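Please read the structure below before turning to the comments.
Just so you know, all these numbers are worked out from the coordinates, no wet-lab data involved. Because the structure is a prediction, the values reported are computed rather than measured. Note that we place each Cβ from the backbone using ideal geometry, even for glycine, and neighbour counts take in every protein chain shown.
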Amino acid sequence: MTFRVLLLVAGAAVAGVLPASAQKPGSFEVGAFAAFLNADNSLPVGNAIGFGGRVGVNATKFFAIEVDYASSSKEGAKSQPLHVYAVYEVPPTSRSELFFGIGYASNKYTGTYEAKDKGIGGIVGLRQRVNNSVAVRLDGRADFMPNAANKSYLISYNGNWGIALGISALLNR
């Protein structure tokens, strides 16, 4: 009985919320972020806080193509991940927007360690609109690199992850 009442209340709450307008096709997002980048433990690159930027273009109301680039450095080794994501933006019901995506990931390591690797990456995050043209964004990302930069008989792949917090300009929305 309690479960049914809870289910009825939750259903009424969801049904009573009016959906917010979605992004228009052709609208875009430009942003900057600070990120904690965690490199695979097998790499001689330290985990560090870095900075980056992103550009995204909405192809449809809920689908976008997004590119981001970041850079971090620790103890002379620099990590520079580049991502190209196909992003699904969940239809919003408030000023908060949930999104997730999958795509191409490439890492370049310079400084005391020189190498490159590439693979697939995933992203999930939350965009909180401050107003119609500015948003704060928090996202997490994970990369799987089957072509590891340090590939050997002991290491067949690398996994890197990161958490980013930033601000975005929402244009033509």
>> List pairs: first residue in segment 43-70 and within 14 Å of Leu165 (Cα to Cα), second residue among the acidic types (Asp, Glu) and assigned to a strand (DSSP E or B) anywhere in the structure, Cβ distance under 8 angstrom, at least six positions apart or on different chains.
In response: Gly52/Asp68; Gly53/Asp68; Arg54/Glu29; Arg54/Glu66; Arg54/Asp68
> Considering segment 86-141 alone, what residues qualify as being of a type in the set (A, V, I, L, M), within 24 Å of Leu170 (Cβ to Cβ) and crowded, with 18+ Cβ neighbours inside 10 Å?
Replying inline: Val87, Ile123, Ala135
> If you scan segment 93-138, which residues turn out to be farther than 19 Å from Phe62 by Cβ, under 19 Å from the mean Cα position of the chain (by Cα) and of a type in the set (Phe, Trp, Tyr)?
Replying inline: Tyr104
